[in-house]
1. Which of the peptides 59-68, 457-466, 222-231 is most tightly packed, and how do the rest follow, judged by the mean count of other Cβ atoms within 10 Å per residue?
2. Take every Cα pair under 8 Å in the chain that's 6+ residues apart, average their separations, divide by the length, and report that relative contact order as a whole percent.
3. Just subtract the alpha-carbon distance of residue 113 and residue 332 from 0.36 nm times their residue separation and send over the number in nm, one decimal.
4. Ranking request for peptides 11-23, 369-381, 252-264: highest mean number of other beta-carbon atoms within 10 Å first, then the rest in descending order.
5. If one computes the Cα centroid of segment 159-185 and of segment 341-370, what distance in Å separates the two points?
6. Please give, to one decimal in nm, the separation of the simple spin-label points placed at residue 270 and residue 350, each 7 Å out from Cα toward the Cβ.
7. Computed FRET efficiency, Cβ-Cβ of residue 283 and residue 215, R0 41 Å: what is it to the nearest 0.05?
8. Quick one: if you stick a label point 7 Å off each Cα along the C-beta vector at residue 453 and residue 203, how many nm between them?
C-alpha cells in the first residue's frame, strides 16, 4: 500500500472516529446513571487514584487493565472540570469510537475502502458495542480497541508494538489473548519467509508482550498483591470453569438466545452475506480471522451473558459489512453498493433493539439523590459495607468496608475458603468493623447467604428498597 493511500486511509479512519463519537455523544453518556458491572469497574478506577490496590484490597477475578485505564481518565477529569467517574467514562467512550476506526484500518489490507468503511458502520450497529461504550468502564471495550490496534501494528510490521498492545488487551480481559494469537499471522507471510526475517519479528512480538506482562507482575509484587492475583484471577476462574461453565450445546444456545434478543437484523442478513464469502468475493485478513476463531473457541469454554458478546462486535461488523458490500457490488456496482450498504448499517445503528440505549433513562444526579436518601444519616466516620451495590460507593465517594464487592457465582465460597476461620471468620471481621449500614443486592443466594442473614438478624433491622438499577436492595441498618 502506498504512502499516499495509507494517508487517505487515516483520514477516513479519523472521519469514522468523529462520526462514531458524535453518535455515542447523542445519548448524553456522561449524565447517565452508573450501574451494575461497569459501576464496579468505575469504583475500582476511581479507587486506584486513592490507593486502592486490586486483588489485595478488593476481590477481582479478571485482569485489572480496565481499572488502570479508567484511573487515567479519573485522574485527568478535574483538569476538564469533570467528576472523576465522568473522566473514566469519557475515556472509554473514546475507546468505543476508536475501535471502529481501527477495524477499518485492519481490514484495508484485504478489502477496498468502501467495504472496510461499511464494516466499521456495522460494528457500531452491533447493539452490544454502543451499549457497552456508553455505560462506563467496561474492560471488554478496551480489550477490543487494544486488540485491533495490535492486529494493525502486526500487519504494518511493528511487532514489538503489536506484542505490547496485545498484552495490554489481555490484561484488560483474559480472552484478549485471541488478538495476540492473531498477531502471529503476519510473521508467516511469503515475503518474510523468503527474506528469513521472521525470527527477529517473532522475538520482537514475544518480547513486547513479555515486557508489559513483566511490568505488571512487578507492580503486583511491589504492592503485595502478586499472590492474591494468582488466587483470584487464575485460581478462582479455573475452579469456576470446572464447576459452573456451560457445555458446548448450552453455550451455542445461549449465544443464539442473546443474538435473537439483541441482533435480530444481523441474524436475518447473515445467511445472504455468507454467500459473498462462500463465493470467494469477500476476504478478511488472516490475523483477524484467527483472532475471531480464537475468541469463538474461548466462548465455548465459558460464556455467561450479553457482555461476552462485546468481543464479537468487530468480527460481526467485518463479516456483515464486507460481505454485504461485496454481495451488492457484484450486482449493482460500487457506488450503489456503498450507498445501499451504508443505508442498511446506519439504519440498524439508529434503531437499537435493547433498552440500554434508552435516551430518557435515570440521570446521574437523580440516582445520586436516591442513593443519598438510602444512606440516610450515615456520616463519613461510619463504616459502610456493600455487596453488589457499587453505585452508592461512587455517589458517596466512599471505600467499601470489606474486600468482597459481590458474592455470587461462588465468590462467597471462595471468600470463605481464603479467610482464616472460613465464613465464620468473615462474619467475625464484620462484627469487629460493626458497620452502621450494609447493602446487599444481586444474586447472592445459598447457604452462606442464609448464614449471613442469621448473623444479621439480631444486629440489624432489614428492609427492602429499590434504587436504579436495582429492583431489590436488602438494607441492613444497625439496631440502636
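1. Output ranking for 59-68, 457-466, 222-231: 59-68, 222-231, 457-466.
2. 18 percent
3. Contour length minus Cα-Cα distance gives 77.1 nm.
4. Details: 11-23: 16.8, 369-381: 13.4, 252-264: 15.2.
With the highest mean Cβ count within 10 Å placed first, the list reads 11-23, 252-264, 369-381.
5. Result: 31 Å between the Cα centres.
6. About 2.7 nm separates the two model spin labels.
7. Working: r = 37 Å, r/R0 = 0.91.
Taking R0 as 41 Å, the efficiency between residue 283 and residue 215 is 0.65.
8. Modelled inter-label distance: 6.3 nm.
Read-outs: derived from the displayed coordinates by stated rules, not from any lab. Given the structure is predicted, the values throughout are model-derived calculations rather than measurements. Because the Cβ atoms are built from the backbone with ideal geometry, glycine has one as well, and the counts that use them run over all protein chains shown.
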